[in-house]
Amino acid sequence: MEKLGDVVKAYLEADGWEYKFDAESGTFRTGYSGENGDFAILVHAAEEENLVLLYMAIEDIIPLEARPRLCEYICRANYGLAMGNFEIDMNDGEVVFRVSADVESVEFTETTVNNMFEEAALTMDRFYPGLVKVAYEGVAPVEAIPVPDEGASKDCAGSEPDEEN
């Protein structure tokens, strides 16, 4: 079975990504420029755990006073996501979108890496404008959630709370 880090490296090189690799930690670092922002990417190939983690981070640090509002936005954004989730470090204000793959019983391929990158890029780029509105413009989280794409599954993340429940 091919090493996880080798598969990640093969994908990055085949797709033309510029990256840095830390052999000691098994971590690749690169970046992505989407339609709505620039994001740092960290991919960790945990060989012993049969786990690959991809983190796409925003470059901004969320101000302390905006973090509670952003927590609501992140909960709403995470609702209904099929793959991956947003996280915020309440101590330092870092926000990431994380996609992981447990590959213990499956073949880990460049296609899997591509799917992880695409999911992170599309999701981060979709929700980033609302994140900025909540964190820096004081927009209410429920108002900042993007409208679901046509044909997407029902998305309740942008609905108002039900007062009876």
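The values are calculated or read from the model by the stated rules, or taken from the named source; none is laboratory data. Only a predicted model underlies this, so the values are computations on that prediction, with no experimental measurement involved. All Cβ positions, even for glycine, are placed from backbone atoms using ideal geometry, and neighbour counts span all protein chains on display.
A few points about this structure:
- Residue satisfying all of: in the stretch 53-73; among the charged types (D, E, K, R) and touching a residue at least 12 places away in the same chain (Cβ under 8 Å); surrounded by the fewest Cβ atoms within 10 Å (Cβ to Cβ) among these: Glu59
- Checked against (1) in contact with a Leu (Cβ under 9 Å, 6 or more places away or on another chain); (2) surrounded by fewer than 16 Cβ atoms within 10 Å (Cβ to Cβ); (3) over 22 Å from Tyr136 (Cβ atoms), Ile41 passes all but a single condition, namely (2).
Each row is one residue, and each column tells you yes or no for (1) at positive phi; (2) within 16 Å of the chain's Cα centre (by Cα); (3) assigned to a loop (DSSP other than H, G, I, E, B); (4) at pLDDT 95 or above.
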| site | (1), (2), (3), (4) |
| --- | --- |
| Ala121 | no, yes, no, yes |
| Gly130 | no, yes, no, yes |
| Lys133 | no, no, no, yes |
| Val139 | no, no, yes, yes |
| Val147 | no, no, yes, no |
| Ala157 | no, no, yes, no |
| Pro161 | no, no, yes, no |
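- Taking the conditions (1) free of Cβ contacts under 8 Å to residues at least 40 places away in the same chain; (2) surrounded by fewer than 16 Cβ atoms within 10 Å (Cβ to Cβ); (3) over 15 Å from the mean Cα position of the chain (by Cα); (4) under 22 Å from Gly138 (Cβ atoms) in turn, Val106 satisfies each one other than (4).
- Restricting attention to the stretch 74-101, the residues that are small (Gly, Ala, Ser), out of contact with any Phe, Trp or Tyr (no Cβ under 7 Å at 6 or more places or on another chain), surrounded by 14 or more Cβ atoms within 10 Å (Cβ to Cβ) and assigned to a loop (DSSP other than H, G, I, E, B) add up to 1.
- Strands (runs of 3 or more DSSP E) within the stretch 1-61 that include 1 or more residues at pLDDT 95 or above and among the small types (Gly, Ala, Ser): 27-33, 38-46, 51-58
- Residues (of a type in the set (Val, Ile, Thr) and farther than 19 Å from Tyr128 by Cβ) located in the stretch 80-116: Val103, Val106, Thr109, Thr111, Thr112, Val113
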